[in-house]
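One structure is given here, and the rest of the page talks about it.
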Amino acid sequence: MANVLDMGWPDPVTPEGESMYNFWIWVWLTAWTIGIIMWALMITAIVRWNRKRQEKQGKGEFPKQLQYNVPLELVLTGVPIAIVMVLFFFTVQTQQKVVALDKDPDVTVDVTAFQWNWKFGYQNVAAELSPTGSAYNGIDEERTALAEETRFDPEDGSVENPNPIHGQSKGDQTYLNFNEIETVGSTEEVPVLVLPSETPIEFQLASGDVAHSFWVPEFLFKRDAFAHPENNQQQRAFQVESIEEGAFVGRCAEMCGTYHAMMNFELRVVSPEAFTDYLEFRQDNPEAPNSEALAAIGEDPYAVTTAPFVADRQTRDGENFVDNNANV
């Protein structure tokens with residue numbers, strides 16, 4: 001029954017998504033119930049009180065008028081208000097669960113969107129998931145210090161109109177996060193973000209240029225990624241209690257330019273043990289590509305969910321899809 005009422009929503013893979021999914025179905029049930037009642041009343045009025053029927057019964061053209069029936073009008077006013085209040089209550093309840101930042105994440109992921117791809121890095125990992133047995137801090141201090149140097153333009157005349165944004169440089173990159181272990185997408189390879197299942201996770205979002213949006217359809221939730229999120233009063237973080245194992249396509253859901261449609265990624269959720277092995281491989285082999293780390297834990301080395309779209313940017317001929325039926 002739920003698959004009929006979900007109206008095209010994918011099956012959720014997080015507890016937050018489950019809450020939204022259930023809320024969505026109950027809203028549809030409410031809407032259909034109200035709609036059926038109203039249609040029934042409308043059809044009853046059309047059939048029972050039409051002019052011809054009234055004439056056959058020897059009655060006047062108009063049925064008994066009830067516009068000054070105070071109890072009836074109070075009911076017709078109170079019922080819609082009650083419906084709206086109930087829907088508002090459950091809307092707030094679901095929203096509070098989805099956006100809550102109190103889930104004590106064991107993994108914090110930095111997500112940086114840029115035209116037209118993604119960079120993923122591991123900022124923090126709890127001791128029970130770390131290959132060293134102690135809490136892992138993945139911040140790249142050297143690149144973070146280099147980013148700090150971009151906060152202000154030199155005042156020696158080498159830059160025209162230095163520090164034009166409230167005394168800071170247009171090239172300020174201090175809001176971006178840099179990590180020791182990172183996965184960067186390219187035209188040739190769709191980036192795969194590896195995360196553990198059964199684990200609370202926090203995503204920290206930012207954009208290196210224009211507005212983008214981080215969207216995994218099975219999350220039933222998306223959040224925009226902005227440059228300088230705090231300065232623009234935007235919340236960059238969101239959390240999930242856990243994610244089911246599997247491979248899930250991710251997309252940019254904010255029109256961001258020419259190759260927006262090819263700005264895909266994959267979320268690969270593995271067991272906590274496999275994630276620890278993956279992280280250990282990335283630490284021990286910093287020059288190895290992400291595909292080798294995936295292969296080392298028995299996973300497909302490349303994205304398997306981004307069809308029918310491909311990452312190739314040479315699409316002026318319109319051939320930016322894979323024909324899955326070609327070999328059928």
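The values are calculated or read from the model by the stated rules, or taken from the named source; none is laboratory data. In this text the structure is predicted, and so the values were computed from the model without any measurement. Virtual Cβ from ideal backbone geometry, glycine too; neighbours counted across all protein chains shown.
Which members of the range 252-288 meet the condition of being polar (S, T, N, Q), crowded, with 19+ Cβ neighbours inside 10 Å and more than 19 Å from the chain's Cα centre (by Cα)?
Thr276
Of all residues being among the aliphatic types (A, V, I, L, M) and under 14 Å from Val98 (Cα atoms) in the range 6-25, which is surrounded by the fewest Cβ atoms within 10 Å (Cβ to Cβ)? Just the residue, please.
Of everything passing the filter in the range 6-25, Met20 is surrounded by the fewest Cβ atoms within 10 Å (Cβ to Cβ).
Taking the range 66-77 only, how many residues are surrounded by 12 or more Cβ atoms within 10 Å (Cβ to Cβ) and either assigned by TED's automatic domain parsing to the domain that holds Pro217 or in a helix (DSSP H, G or I) (or both)?
So the count comes out to 1.
Which one is farthest from the chain's Cα centre (by Cα) among residues in the range 31-66 that are β-branched (Val, Ile, Thr) and at pLDDT 90 or above?
This residue is Ile43.
Give the range 131-172 a look and list any residue that's touching a strand residue (DSSP E or B) at 6+ places or on another chain (Cβ under 8 Å) and of a type in the set (A, V, I, L, M), or say none.
Within the range 131-172, Ala135, Ile139 qualify.
Filter the range 14-65 down to the residues that are among the polar types (S, T, N, Q), part of a helix (DSSP H, G or I) and either assigned by TED's automatic domain parsing to the domain that holds Glu218 or within 30 Å of Phe89 (Cβ to Cβ) (or both) and list them by number.
Scanning the range 14-65 gives Ser19, Asn22, Thr30, Thr33.
Considering only the range 135-150, how many residues are surrounded by 15 or more Cβ atoms within 10 Å (Cβ to Cβ) and at pLDDT 90 or above?
Qualifying residue count, the range 135-150: 7.
Restricting to the range 241-251, what's the tally of residues that are surrounded by 22 or more Cβ atoms within 10 Å (Cβ to Cβ) and farther than 16 Å from Ala303 by Cβ?
Number satisfying all stated conditions: 1.
Using the structure shown, decide if Ala253 is touching a residue at least 60 places away in the same chain (Cβ under 8 Å) and in contact with a Ser or Thr (Cβ under 6 Å, 6 or more places away or on another chain).
Answer is no for this residue.
Residues checked against (1) assigned by TED's automatic domain parsing to the domain that holds Val216; (2) assigned to a loop (DSSP other than H, G, I, E, B):
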| residue | (1), (2) |
| --- | --- |
| Gln93 | no, no |
| Thr112 | yes, no |
| Gly121 | yes, no |
| Glu128 | yes, yes |
| Ala145 | no, no |
| Asp153 | no, yes |
| Asn161 | no, yes |
| Lys170 | no, yes |
| Gln204 | yes, no |
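Name the residues in the range 289-302 that are on the phi > 0 side of the Ramachandran plot and surrounded by 15 or more Cβ atoms within 10 Å (Cβ to Cβ), would you?
None; the set is empty.
Do we find that Arg268 is basic (Lys, Arg) and either modelled with pLDDT under 95 or not in a strand (DSSP E or B) (or both) in this structure?
Criteria not met by Arg268.
Read through the list (1) surrounded by 21 or more Cβ atoms within 10 Å (Cβ to Cβ); (2) closer than 24 Å to Glu254 by Cβ, then give the number of the only condition that Thr174 fails.
All conditions are met except number (1).
Using the structure shown, decide if Asn179 is within 22 Å of Phe281 (Cβ to Cβ), in contact with a strand residue (DSSP E or B) (Cβ under 8 Å, 6 or more places away or on another chain) and without any contact (Cβ under 8 Å) to a residue 40 or more places away in the chain.
Here the answer is no, as Asn179 does not meet what is asked.
Among the residues of the range 154-173, is any out of contact with any Gly (no Cβ under 8 Å at 6 or more places or on another chain), within 19 Å of Val270 (Cα to Cα) and touching a residue at least 12 places away in the same chain (Cβ under 8 Å)?
The answer is no; no qualifying residue exists.
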